[in-house]
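The structure appears below as structure tokens.
The values are calculated or read from the model by the stated rules, or taken from the named source; none is laboratory data. Since we're looking at a predicted model, the values are computed, not measured. Methodologically, a virtual Cβ is constructed for each residue, glycine included, from the backbone with ideal geometry; neighbour enumeration extends over all protein chains shown. For accessibility, only protein heavy atoms count, side chains too; no ligands or nucleic acids. Shrake-Rupley method; radii C 1.70, N 1.55, O 1.52, S 1.80 Å.
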Amino acid sequence: MLRRGLVSCEWLATNIQGKKIKVVDASWYLPAMNRNNKVEFQQKRIKGAQFFDIDDIKDHRTNLPHMLPTQEEFANKVAALGINLYDDFVVAYDGTGIFSAPRAYWMFQYFGHDQCAVLNGGFPLFQSLFPNLVDSSEPVPPTPASLPSELRPPRSELLKSAKDIQEVIQYESHTIVDARPTGRFNGSEPEPRPNIRSGHVPGALNVFFKDVIAADGTLKEPETVQSVFRGAGIDILDNSKPAIVSMCGSGVTACILHLAMDASG
């Protein structure tokens, strides 16, 4: 069964030669992981993949991590990767399984490009199943794509500002779900970034992002994901309840919960 926001390794292997299929390596790692996304991409990647740099495709005018770029900046960055915005089908993967690729998925959605999905199981599973489709030669620079004649407005419902969250807290208009580990959520463990307090936004609920990921790096089955959210007091199938806002430390793992709800709701 197909799930929204996901493609299987088998699907990608079958469709990888399609002219409108564009594959991006959106790997990103926390410092504690001791991995280098750029070096790993240079060493090996899915055939035809380009590197989607989360640390570059962002707003460089602030020192806050992973703030979104403007529409124009995003359009120019993805065109430079050879992606025809609003036309190509983008498959994002990462070197963990499902970790940072959902961030790319959410960004494409936010900027109006709905033809996108995350590779279920990521590079580790794909490499194990289809080693013949893994390239370890020198990466080939992309041929830049043309920009659309007109940019679509961003999907504002997919983003909340700090002011928006203050209003959510005041009026209880949305359900906030925090993707961080329980210790950081409840304040018993420190944040990995200096001068940041642990704890959580008032009223937020906690679904640790790893709880929706299976041992093989794929997203858990819909019924299991739904059960994980119910365990935190959230029914993702009940459309009569307030809309759900996912959050995390720097805008990466919240997107895993966004993908999980897309694929399981």
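For residue 56 and residue 133, the FRET efficiency from 1/(1 + (r/R0)^6), where r spans their Cβ atoms and R0 equals 30 Å, is about 0.70.
Size check on segment 201-240: the Cα extents along the three principal axes, sorted descending, read 33, 23, 12 Å. Starting from the Cα gyration tensor of segment 148-187, take the square roots of the eigenvalues, sort them a ≥ b ≥ c, and report rounded, prolate or oblate (rounded when a/c is under 1.5, otherwise prolate if a/b is larger than b/c, else oblate). Because a/c hits 1.5 or more and a/b fails to exceed b/c, segment 148-187 counts as oblate.
What is segment 17-72 by shape, rounded, prolate or oblate, if you read a ≥ b ≥ c off the alpha carbon gyration tensor as root eigenvalues and call it rounded for a/c under 1.5, prolate for a/b larger than b/c, and oblate otherwise?
Judged from the Cα gyration tensor, segment 17-72 comes out oblate (a/c at least 1.5, b/c at or above a/b).
Can you give me the P(r) profile for segment 3-99? Cα pairs, bins 5 angstrom wide beginning at 0, each as a whole percent. Here the calculated profile for segment 3-99 is 2, 11, 20, 23, 21, 14, 6, 1, 0. Accessible surface computed residue by residue for the chain, with neighbouring protein chains in place and a 1.4 Å probe, gives 51 Å² per residue.
Figure the gain on full extension for residue 15 and residue 221 (residue separation times 0.36 nm, minus the Cα-Cα span) and round it to one decimal in nm.
On the way: separation 206, 0.36 × 206 = 74.16 nm, distance 2.33 nm.
Between residue 15 and residue 221, full extension yields an extra 71.8 nm.
Around residue 174, with a cut-off of 15 angstrom between Cβ atoms, what is the net charge of the other residues, counting Lys and Arg +1 and Asp and Glu -1? Local net charge: -4. With a Förster radius of 41 Å applied to the C-beta separation of residue 114 and residue 34, the computed FRET efficiency comes to 0.70.
When a/c reaches 1.5 or more, the comparison of a/b and b/c decides; with that in mind, is segment 70-202 rounded, prolate or oblate per its Cα gyration tensor? The shape class here is oblate.
Here residue 247 sits with roughly 50 square angstrom of accessible surface, probe radius 1.4 Å. What the Cβ-Cβ distance of residue 232 and residue 2 gives, at R0 = 35 Å and to the nearest 0.05, is a FRET efficiency of 0.85. Beta bridges per DSSP, both residues in the chain: antiparallel share near 15 percent. The Kirkwood radius of the chain, taken over pairs of alpha-carbon atoms, gives through the Stokes-Einstein law at 25 °C and 0.890 mPa s a diffusion coefficient of 128 µm² s⁻¹.
From helices alone, the chain scores -8000 deg cm²/dmol at 222 nm; the rule is -39500 (n - 2.57) for each run of n ≥ 4 DSSP H residues, then divide by the residue total.
What longest region of the chain stays clear of GluC sites (Glu not before Pro) that DSSP places outside H, G, I, E and B and that have at most 16 other Cβ atoms within 10 Å?
Segment 1-149 is the longest.
In the frame of its principal axes, segment 111-265 has Cα extents of 52, 43, 38 Å, reported largest first. Here the accessible area is traced with a 1.4 Å probe on the protein chains. For the chain, carbon and sulfur cover 52 percent of it.
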